[in-house]
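Structure, as structure tokens:
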Amino acid sequence: MRLLIADDHPIVLEGLEALLRSAGHTIVHRCSNGEQVLQALATNRPEILVLDVQMPGRTGIEILRQVKAEAHPIRVVLLSSSINNAQALEAVRLGADGLMLKEAMAQDLLDCLEAVGAGGQWIDPAAARLALSAVVNLAASPPNETSSLTPRETEIVRAISRGQSNKEVARELQISEGTVKMHLHRIYEKLNVRNRTELSAIARDQGLI
């Protein structure tokens, strides 16, 4: 199968490529961050993306969300060494074709790719338990704190949580810096936070990133 692989740790990326090539797969491109993945998709034709969940630029989950929203035929397998409950639930909710923890055996990843390549889904049992735990916690917890945010405010929360400055957010969303500051003021009031660190923590807890 034709694979595009992405991980921000060079040693992991090298090992992943060696494993997959030895199993007969073709690596059409290697990326070290999410932005490179999106750029590579325009010039390469992989059948499956194998993405680290946590990457600079765009996370694996953000790329999964975009691919599924665009109804792209590419299938997506997510890898993680430290996925949390909310991230596992979001990956399953978005329709990840594969979800693997890096602590799994190499053969498990190969089996996952075989299943995904054949049109199936492969969710690591440990990751599935995390997702189930998130569902249980949501059922027992108060309503989502971020449910009051408008779509634009949610976009800004995600951008800020990726570490973008007000200027970068304004450029990406094609609005003024003053408008970004106005939205942030309202977001802080709605979520009862005082700074970007607290905002990012809530975004992670609520599965927005």
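The values are calculated or read from the model by the stated rules, or taken from the named source; none is laboratory data. All values reported here derive from a predicted model rather than from experimental measurement. Cβ sites come from the backbone with ideal geometry, for glycine too, and all protein chains shown count toward neighbours.
Summary table
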| read-out | value |
| --- | --- |
| Boolean, Ala71 is surrounded by fewer than 24 Cβ atoms within 10 Å (Cβ to Cβ), more than 25 Å from Ala159 (Cα to Cα) and either at pLDDT 85 or above or assigned by TED's automatic domain parsing to the domain that holds Asp111 (or both) | no |
| Matching residues in segment 37-64 - criterion: being surrounded by fewer than 17 Cβ atoms within 10 Å (Cβ to Cβ), out of contact with any helix residue (DSSP H, G or I) (no Cβ under 8 Å at 6 or more places or on another chain) and part of a helix (DSSP H, G or I) | Gln39 |
| Residue count for segment 65-111, restricted to those that are among the charged types (D, E, K, R), in a helix (DSSP H, G or I) and within 15 Å of Gln54 (Cα to Cα) | 2 |
| Scan of segment 32-61 for residues that are of a type in the set (A, V, I, L, M, F, W, C), free of Cβ contacts under 8 Å to residues at least 60 places away in the same chain and within 19 Å of Leu101 (Cα to Cα), ordered by number | Leu49, Leu51, Val53, Met55 |
| From Ile202, Ile187, Ile156, residue being at pLDDT below 85, in a helix (DSSP H, G or I) and out of contact with any Gly (no Cβ under 7 Å at 6 or more places or on another chain) | Ile202 |
| Check on Arg2, of a type outside the set (A, V, I, L, M), in contact (Cβ under 8 Å) with a residue 40 or more places away in the chain and farther than 29 Å from Ile160 by Cα | yes |
| Number of positions in segment 1-36 that are closer than 19 Å to Cys112 by Cβ and buried (at least 20 other Cβ atoms within 10 Å of the Cβ) | 8 |
| Residue within segment 117-137 that is modelled with pLDDT of 85 or more, aliphatic (A, V, I, L, M) and in the same structural domain as Thr26 (by TED's automatic domain parsing) present | yes |
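Residues are listed down the side, and each one gets a yes or a no for (1) within 19 Å of Arg162 (Cα to Cα); (2) touching a residue at least 60 places away in the same chain (Cβ under 8 Å):
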position	(1), (2)
Ile63	yes, no
Asn84	yes, yes
Ala96	no, no
Leu101	no, no
Ala104	no, no
Glu114	no, no
Asp124	no, no
